[in-house]
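Chemist: Just dropping this structure here.
Nothing in this text is a laboratory measurement; each read-out follows from the coordinates by a stated rule. Remember, it's a predicted structure, so these values are computed and weren't measured experimentally. Virtual Cβ from ideal backbone geometry, glycine too; neighbours counted across all protein chains shown.
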Amino acid sequence: MDIKQKKAKANTMFPCMQIGKSGITQGLIRELQKQLKIKKLIKIKLMKSFIEDKDKKEIAKELARKTGADLISQVGFVVVLGKKEKAKNKTPEKGK
């Protein structure tokens, strides 16, 4: 599934997590990783109490980095993360 397909699928999803006052904790990261493993694509809602004066794009990048996921999109207060897909081996194996 490419990025375009993942974005389209995310449009029909409801956020599975909300990040509020307590912010990005180890427990939150573990839960996001668990959700990614199960669902492959998750939508996260950033609450205004968490954002305050922070940059939403930087928060989205931080979430992707800490969870080891791909950042699919960040629009407004919503972040979509996708499980990293393993790179396919593009070079054919040499004969034995």
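Chemist: Kindly put Ile29, Ile42, Ile59 in sequence by how many other C-beta atoms sit within 10 Å of each C-beta, fewest to most.
Modeler: The fewest-first ordering by Cβ neighbours comes to Ile29, Ile59, Ile42.
Chemist: Over the stretch 3-83, what is the mean sequence separation of C-alpha contacts under 8 Å (at least six apart), divided by residue count, expressed as relative contact order in percent?
Modeler: It rounds to 35 percent for the stretch 3-83.
Chemist: Any chance you could run the full-extension gain for Arg65 through Ile24? It's 0.36 nm times the residue separation minus the Cα-Cα distance, nm to one decimal.
Modeler: Gain in length upon complete extension: 13.5 nm.
Chemist: On a 19 Å Cα-Cα criterion, which of the cross-link pairs Lys7/Lys43; Lys9/Lys48; Lys56/Lys84; Lys7/Lys39 come out too long?
Modeler: Among Lys7/Lys43; Lys9/Lys48; Lys56/Lys84; Lys7/Lys39, the Cα-Cα distance tops 19 Å for Lys9/Lys48; Lys56/Lys84.
Chemist: Here is a further query. If you work out mean projected area of the Cα convex hull in nm² from the coordinates, which of [x] 7.7; [y] 10.3; [z] 9.3 do you get?
Modeler: Read-out from the structure maps to [x].
Chemist: With +1 assigned to the C-beta of every Lys and Arg and -1 to the C-beta of every Asp and Glu, and no other charges, what is the dipole magnitude of the chain about the Cα centre in debye, to the nearest 20?
Modeler: 540 debye
Chemist: Would you order Asp55, Asp2 from fewest to most other beta-carbon atoms within 10 Å of each residue's own beta-carbon?
Modeler: Asp2, Asp55
Chemist: Order these by the 10 Å Cβ neighbour count, fewest first: Leu81, Leu71.
Modeler: Going from sparsest to densest Cβ surroundings: Leu71, Leu81.
Chemist: Calculated from DSSP H runs of 4 or more alone, at -39500 (n - 2.57) each and per residue, what is the 222 nm mean residue ellipticity of the chain, nearest 500?
Modeler: The helix-only estimate for the chain comes to -12000 deg cm²/dmol at 222 nm.
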